[in-house]
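Taking it in order: structure first as structure tokens, then the write-up.
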Amino acid sequence: MRIEARLNELGLALPAEPEPPPGFQFAFEWARVLGNRVYLSGHAAQHADGTFAGPYGRVPSEVSIDDAIEAAHATALSMLGTLSRELGDLDRISAWLTVAGAVNADPGFPQTTVIVNGFSDVITQLFGPRVGGHARTALGYSALPMNNAVLISAEVEIDG
Amino acid sequence: MRIEARLNELGLALPAEPEPPPGFQFAFEWARVLGNRVYLSGHAAQHADGTFAGPYGRVPSEVSIDDAIEAAHATALSMLGTLSRELGDLDRISAWLTVAGAVNADPGFPQTTVIVNGFSDVITQLFGPRVGGHARTALGYSALPMNNAVLISAEVEIDG
Amino acid sequence: MRIEARLNELGLALPAEPEPPPGFQFAFEWARVLGNRVYLSGHAAQHADGTFAGPYGRVPSEVSIDDAIEAAHATALSMLGTLSRELGDLDRISAWLTVAGAVNADPGFPQTTVIVNGFSDVITQLFGPRVGGHARTALGYSALPMNNAVLISAEVEIDG
């Protein structure tokens, strides 16, 4: 429980299972575990009770760059919450492989990289560069689920 | 041929190989099979003869939500057509892993999730939750190939 | 060094390691190698010295289709540069698996396929269809890092 201990040290808590807003149905799984791979669905920032936290809208015209970076940071905790429920122990993660960061971006916004660093920095800080390092894309979309500002999916390796 | 039987029961037919429209060249493979993995290219709705069926345009200003859900449903059949041609028998699929749903969305459209459920529901209905369950993203794009309303790619596991 | 020889024959040189522009920090790895898989981050066209080459802007209103195809071609060389530094020898690549092409596209631009063919054609030409064939998506985004016109990520298989 090395990673859980580090989360505690940093004062970071993982939210409860994602709670769909009224009228939404999730016809997918938050994580799909097969062999030594975990495929993670698009996650967004959540409150402690599992409800979605936003912010909602486009970056930077409706949501500031700083708030979007913070959302990316919170999204890492959402994803770690899913992984913790699926795996029992986050120490079972042997390598982060690839991360896809989606930003609800104004046309031509050139700094999606900066936003998604808010996610990558948490992962690398918690797992260290050898386990936490990952390939990545950080792209701007015209529309995200529930109009979230940031949504992130990933693939990780676990010990068989 | 359990899955094929279920398709027949449900009255669902799989379209022929995708037929490129005039002036289009596909410099990729519809499915790439390696070891126990199949990587599936972005598929779209097709007519029985393999030609692309649309609808074309943005959701919801040019294509209604219901028509886009129907396109996602048809896209599942397009992808199953590819898998059937590649694998011979759809029962060789041991697990759906991850699905990436792309919607040609008006800026800020918050319901990409609802659209891509049209795909996920077919897969889960046909394969059951243990094999058919999958991680997923459902995102809104400014432009899709041929201006399709919906395009979906995926990764599945097969028996070695 | 069969692939390197073919690059030389074709007069194609691989650029140096990507050089972040002022104010940019890359909190990810350009390639993540694990077991027989390499996950490649979103790459863009580079100059020989590693600096990013553009073009920057939307296709086709700000960047022509021909220039975007050329950028996709150059992006293949950027990615091969990363693979060459990581693997030592490009002949270690046993199969291209899947490629995700992102185009900074005007809303409704229907030809993202044509743009990303500029990448796929180089890979298939160099590696041949058996190794170089790949599944693919080619999608239009509202925003790409640094406002690049084209950005491409991939997953490849290597000999254990």
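Quick check on chain A: of the DSSP beta bridges with both residues there, what percent are antiparallel, nearest 5%? Percentage antiparallel, nearest 5: 70.
Do you know the relative contact order of the stretch B:1-95, to the nearest whole percent, from alpha carbon pairs under 8 angstrom that are 6+ apart? Spell out each step's value before the answer.
Numbers: 105 pairs, mean separation 32.4, N = 95.
Across the stretch B:1-95, relative contact order equals 34 percent.
Principal-axis analysis of the Cα atoms of chain B puts helix B:112-132 at an angle of about 10° to the longest axis. Each other copy holds its own label point for B:ARG2; taking that point as 7 Å from Cα along Cα to Cβ, the gaps run 4.1, 4.1 nm, nearest first. Could you tell me which of rounded, prolate or oblate describes the stretch A:64-116, using a ≥ b ≥ c as the square roots of the eigenvalues of the alpha-carbon gyration tensor, with rounded for a/c under 1.5 and, failing that, prolate when a/b is larger than b/c and oblate otherwise? Note, shape of the stretch A:64-116 comes out prolate. Residue by residue along B:62-68, Cβ atoms of other protein chains within 10 Å of the local Cβ number 0 on average.
Where both bridge residues fall in the stretch B:70-160, DSSP classifies roughly 55% of the beta bridges as antiparallel. Extents of the protein assembly as shown, taken as max minus min of Cα coordinates on every principal axis and listed largest first, are 60, 56, 44 Å. For chain B, averaging the sequence separation of C-alpha pairs within contact (under 8 Å, six or more residues apart) and dividing by the residue count gives a relative contact order of 32 percent. Of the residues C:GLY50, C:ALA74, C:LEU34, the one whose Cα sits farthest toward the positive end of the charge dipole of the stretch C:30-88, with +1 on the Cβ of Lys and Arg and -1 on the Cβ of Asp and Glu, is C:LEU34. The GluC sites (Glu not before Pro) of the stretch C:26-93 that DSSP puts in a loop, and whose beta carbon has at most 16 other beta carbons within 10 Å, are C:GLU62. The GNM of chain C, with springs linking C-alpha atoms under 10 angstrom apart, assigns the highest mean-square fluctuation among C:LEU83, C:LEU97, C:LEU14 to C:LEU97. Neighbouring Cβ atoms from other chains, within 10 Å of the Cβ of residues in C:100-107, number 5 on average.
Mean residue ellipticity at 222 nm from the helices of the protein assembly as shown, using -39,500 (n - 2.57) per DSSP H segment of n ≥ 4 over the full residue count, to the nearest 500 deg cm²/dmol? Walk me through the numbers before you get to the answer.
Details: 9 runs with 156 residues, N = 480.
So the calculated ellipticity at 222 nm is -11000 deg cm²/dmol.
Take each residue of peptide C:92-98, count the partner chain Cβ atoms within 10 Å of its Cβ, and average: the result is 4. Using the Kirkwood radius built from alpha carbon pairs, what does the Stokes-Einstein equation give as D for the stretch A:19-111 at 20 °C and 1.002 mPa s, in µm² per second? Result for D is 145 µm²/s. Of all beta bridges that DSSP places with both ends in the protein assembly as shown, some 70 percent have antiparallel geometry.
Show me the three semi-axes of the equivalent ellipsoid for chain C, from the C-alpha gyration tensor (sqrt of 5 times each eigenvalue), largest first, rounded to whole Å. Working shown, then result.
Details: eigenvalues 115, 60, 44 Å².
Result for chain C: semi-axes of 24, 17, 15 Å.
Each copy carries a label point for A:GLU19 at 7 Å from Cα toward Cβ; from one copy, the others' points are 5.2, 5.2 nm away, ordered from shortest.
Taking only the alpha-carbon atoms of the stretch C:1-55, what semi-axes of the equivalent ellipsoid follow from 5 times the gyration tensor eigenvalues under a square root, in whole Å, largest first? Don't skip to the answer; put the middle values down first.
Details: eigenvalues 103, 73, 12 Å².
Equivalent-ellipsoid dimensions as semi-axes: 23, 19, 8 Å.
Under the simplified labelling scheme, the B:LEU12-A:ASP49 pair shows an inter-label distance of 3.7 nm, with each label point 7 Å from Cα along Cα→Cβ. Rounded to the nearest whole Hz, the Karplus-based 3J(HN,Hα) values (6.51 cos²θ - 1.76 cosθ + 1.60, θ = phi - 60°) of the stretch A:76-84 follow the sequence 4, 5, 4, 5, 5, x, 4, 5, 5, with x at glycine and proline.
Computed from the coordinates by the stated procedures, all read-outs in this text should not be read as laboratory data. Keep in mind that this is a model prediction, so the values were computed, not measured. Note that each Cβ is placed from the backbone with ideal geometry, even for glycine, and that neighbours are counted across all protein chains shown.
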